[in-house]
Amino acid sequence: MVARRLVNESQKRQIIIFTHDIYFLSVLMEEAASQNLSIQTQSLVRTPLGFGVFDPELPFQGKNTSKRIGALKNQQQYIDKQFRLGDEVNYRKETVDAYVHLRMAWERAVEEILFGSVVTRFKKPIETQKLNRVAVEDNDYKTVSEGMTKCSNYAHDKAIESGTYLPEPSELLEDIETLEKWVTLVNKRSDEVQKRRKQ
């Protein structure tokens, strides 16, 4: 496997990798984690300054649940500013984009938090040993279903049509915090479940 060889080589010398492939990056990060090695990730992005501008963060698709929530909060602050300035076009466009990202964050949270990374889209192996942290309750189904349904109401083209209702920034923040609180709740429960099962 290329990722394993690169990680092994990094123990001898510095390795710098450029890639557009989020899947490969995820495999590389998993391989490094399995060998208790840390890697530094960053992006090159296009900005008003031009192409190839350094960004210390990965693209949204490459972020874990916690960092996706952080990115969404930053995006909400920008949306709130546009809303207060009366920039209707930008506010609507950015709000739709935020709900697309929020839906992605819910999906990632189900993989990473609720199911404890037992099965993830970027990994072929199913890590059954991680099931010792997994417990799904009825309220999880309700919370995830409601969160995903609301995102789907706005995360498509018709949401930017003139006259279509979009949540104000304060409501968007509440929706982000709903995800954040649920993640905290599930993480706490998973720790307790794992402890009990080990005993």
**Violating pairs (Cα-Cα greater than 30 angstrom) within the set Lys81/Lys142; Lys81/Lys188; Lys12/Lys198; Lys73/Lys195; Lys93/Lys142** = Lys81/Lys142; Lys81/Lys188; Lys12/Lys198; Lys73/Lys195
**Prompt:** To the nearest 0.05, what FRET efficiency results for Ser145 and Arg84 with a Förster distance of 22 Å applied to their C-beta separation?
**Reply:** 0.10
**Prompt:** Can you pull the Kirkwood radius for the chain, inverse mean 1/r over Cα pairs, to one decimal in Å?
**Reply:** 19.0 Å
**Cα-only radius of gyration and Dmax that characterise the stretch 2-55, units Å** = 12.9, 39
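Each reported figure results from applying straightforward, stated rules to the coordinates on display, with no laboratory input. Because the structure is predicted, anything quoted here is derived from the model rather than measured. We place every Cβ from the backbone using ideal geometry, glycine too, and count neighbours over all the protein chains shown.
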